[in-house]
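Trainee: Take this structure first; my questions come after.
The values are calculated or read from the model by the stated rules, or taken from the named source; none is laboratory data. Since the model is a prediction, treat every value here as computed from it, not as a measurement. No Cβ is skipped: glycine too gets one built from the backbone with ideal geometry, and neighbour counts run over all protein chains shown. Accessible surface is based on the protein model in full, side chains and every heavy atom, while ligands, DNA and RNA are left aside. Shrake-Rupley method; radii C 1.70, N 1.55, O 1.52, S 1.80 Å.
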Amino acid sequence: MRNSVECAWLALLAALAMSSAALAQNARPAQSAPATKAAPAPARDLNGVWAAPGPDSRLNPMPPMTPWGKQQAALYKNDFAYSVAASNDPLKTCDPQGFPRNILNEIRGIEFEQTPTKMLELLQYQRTWREIWTDGRKAPANVGAPGGPDPRWYGFSVGKWDGDHAFVVDTIGTDPMPWLDRNGDPRSSDLKVEERYTRTDHDTLEMAVTIDDPKAYSMPFEVTKVIYKWNPGQVLDEQLCVPSIMMNYLSTIANTADPAASGDGK
Amino acid sequence: MRNRMSSAVVSLIGVLVFSLPAAAQLYFPGGKSEEQQKAAAESKAKLKYDAHDLSGIWRAGRPAVPVPKDPRSGDGAQSWLMGAAPPPPLTPWGQKMFDTYKPSEINSWQSRRVVPAKGNDPLGNCDPLGYPRNLGEPVGAGGGTFELVQLPNKMFQIFDGGRRIREVWTDGRKLPDDLEPRWYGYAVGHWEGDNMIVDSQGYDDRSWLDGNGWPHSEDMKLREVFHHPDVMTMEITMTLDDPTAYTKPWVGNKQSFQLQLPKGLTVMYEYICVPSEEQAFNNGVRNPAGGDLEHSRPLK
């Protein structure tokens, strides 16, 4: 069985399609207490591969949504409340998670690598990447405006160090189409995201994510705080959602199980 | 209009849905604005040549090599990845796969090309391109754009097509013997003089070599030679050894890539094939156009 289809939000399909290696990795007790005290965190250095505690971030309670936010949320049918056939989660067809869902859902493993002008963040799930400019440039202020760049699935990100151990990333210009998270919480093109990565010791990286989207939520809020651990093997696996396999699963199993919800099963 | 490529199978569609960002402060591969040309000239003046420095964004554009005539069909059977070197004869298994694959990319081998509704290019569903195909896609955008990031123990090729990553270990480790096939395989590299030699294997055989539908098996081994002859140029020469699919190794010609300037400031495009959009387009346009009414549904 190939190590390729990893749309783990569909638990059944994931269990069927994941390789034994991937399953073993998912079973890893990432949050277990270290046997010995970790070395101090190096200064201004996040480089390396980090393991997530699980496939999803635990989300904090959210503030009230605006009327627009409620309207959007009502359109999104997640796979907690609906059958797979009835859900309209974009991930059901392997659509891109976009940002910030890719740091809230299917977080798995991440890798940071600093280059002279930017920090690269590499994500195990979908084997994708984003870039965070660290050379002092500003993110474009005119995204989506006439003459400006189009919104991006992964937005435009700039980062800077706050002291020696906290790296702060600000992102704007994201495509509003992807869901904010697996729950189907809304987000708009006005979304601003702050990520704060704090390396508390050599083996520990804390990620706190703050959402500021006045069109969708009544106030800014910290959506999650996740503790990543240093991955001793320093290797990212390959976890790809394969659309043709997902479509086959939907047509032969999910839609068959709930034909009314799926339309006609096609 | 979104800045993405929703379909690489039909390049024309890709061109239509892809809008060129016009923000002056952003520099993109191949950008021709006056401001970018000025910044590129300033950047170029500061570059110092180092044969072992492969870092930067590299772009081939397509076609970058002359298209030879195929003796069997009279049109282009070349694989862009192989620098137009002719393919060796296929094995019976390779021929079977070759006959099974039905290409539909707009600039694929004309005599093999079918309408997308009747094709089976994995890209038609936005399935992963895998490697080496990812090196040459997306076709409609000029193809072959990637950034190479060199680290002490490995180098990354990060592609605009699909926004995927390939890693090449350069820390002396060997390729493991027992490999679970992966879309992007396993790769190790080392320097021999001024050539970075990259050996890779362990590839998932569901990917095609290219849009022409040249096959490969899980036994495929690639040797790529990365050579950086001058400050603006990188060449990749690929040799493919797959005794399950080909009767002898396929020895490619060099393929050239140009450094994108200003170095360090150029931003790659975001070319992401979106499966739901692709399916809507298949159901609403390609399938009815190809006479497949069973799988046709109007676009919403």
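Trainee: Show me the chymotrypsin sites (Phe, Trp or Tyr not before Pro) within segment A:27-122 that DSSP assigns to loop and that have at most 15 other Cβ atoms within 10 Å of their Cβ. Working shown, then result.
Mentor: Details: sites: A:TRP50, A:TRP68, A:TYR76, A:PHE80, A:TYR82, A:PHE112; in loops: A:TYR76, A:PHE80, A:TYR82.
Answer by residue number: A:PHE80.
Trainee: For segment A:109-178, how big is the tail of P(r) above 18 Å, as a whole percent of Cα pairs? Numbers along the way, then the final one.
Mentor: Values: 1049 of 2415 pairs.
Every Cα pair in segment A:109-178 considered, those over 18 Å come to 43 percent.
Trainee: Something else: At 0.36 nm per residue, minus the direct Cα-Cα distance, what do B:VAL115 and B:THR100 gain on full extension? Give it in nm, one decimal, please. Walk me through the numbers before you get to the answer.
Mentor: Values: separation 15, 0.36 × 15 = 5.40 nm, distance 1.50 nm.
Here the segment from B:VAL115 to B:THR100 would lengthen by 3.9 nm.
Trainee: At a cut-off of 20 Å², which residues of segment B:245-284 become less accessible once all protein chains are present than in their chain alone, using a 1.4 Å probe?
Mentor: B:GLY264, B:LEU265, B:VAL267, B:MET268, B:GLU270, B:ILE272, B:VAL274, B:PRO275, B:SER276, B:GLN279
Trainee: Moving on to the next point. With labels modelled as points extended 7 Å from the Cα through the Cβ direction, what inter-label distance (nm, one decimal) is found for A:ARG44 paired with A:ASP212?
Mentor: 2.5
Trainee: Now, a different point. Within a 10 angstrom radius of each residue's Cβ in B:124-134, how many Cβ atoms of other chains show up on average? Whole number is fine. List each step's numbers first, then the result.
Mentor: Values: counts 2, 9, 8, 10, 10, 0, 2, 0, 0, 0, 0.
Whole-number average of other-chain Cβ neighbours for B:124-134 is 4.
Trainee: Check cross-link reach from A:LYS118 to the lysines: straight Cα distance under 16 Å, and skip same-chain residues fewer than eight apart.
Mentor: Result set, ordered by chain and number: A:LYS138, A:LYS160, B:LYS263.
Trainee: Sticking with this structure for a sec: Write out the trypsin sites (Lys or Arg not before Pro) in segment B:99-192 meeting two conditions: DSSP loop, and at most 13 other Cβ atoms within 10 Å of their Cβ.
Mentor: Numbers: sites: B:ARG112, B:ARG113, B:LYS118, B:ARG133, B:LYS154, B:ARG163, B:ARG164, B:ARG166, B:ARG173, B:LYS174, B:ARG182; in loops: B:ARG112, B:ARG113, B:ARG163, B:ARG173, B:LYS174.
Here the trypsin sites (Lys or Arg not before Pro) that fit, given the DSSP loop and packing criteria, are B:ARG173, B:LYS174.
Trainee: Got the relative contact order for segment B:161-300 handy, in percent, Cα pairs under 8 Å and 6 or more residues apart?
Mentor: Numbers: 230 pairs, mean separation 21.3, N = 140.
Answer for segment B:161-300 is 15 percent.
Trainee: I've got another one for you. Extending each Cα 7 Å along its Cβ direction at A:ARG137 and B:THR247, get the distance between those two points in nm, one decimal.
Mentor: 5.2
Trainee: Sticking with the crude label model, points 7 Å out along Cα→Cβ, report the distance from A:ASN88 to A:TRP68 in nm, one decimal please.
Mentor: 1.9
Trainee: Could you list the GluC sites (Glu not before Pro) in segment A:178-263 that lie in coil according to DSSP, counting only those with at most 10 other Cβ atoms within 10 Å of their Cβ? List each step's numbers first, then the result.
Mentor: On the way: sites: A:GLU194, A:GLU195, A:GLU206, A:GLU222, A:GLU238; in loops: A:GLU238.
Taking segment A:178-263 and a limit of 10 other Cβ atoms within 10 Å, no loop GluC sites (Glu not before Pro) are found.
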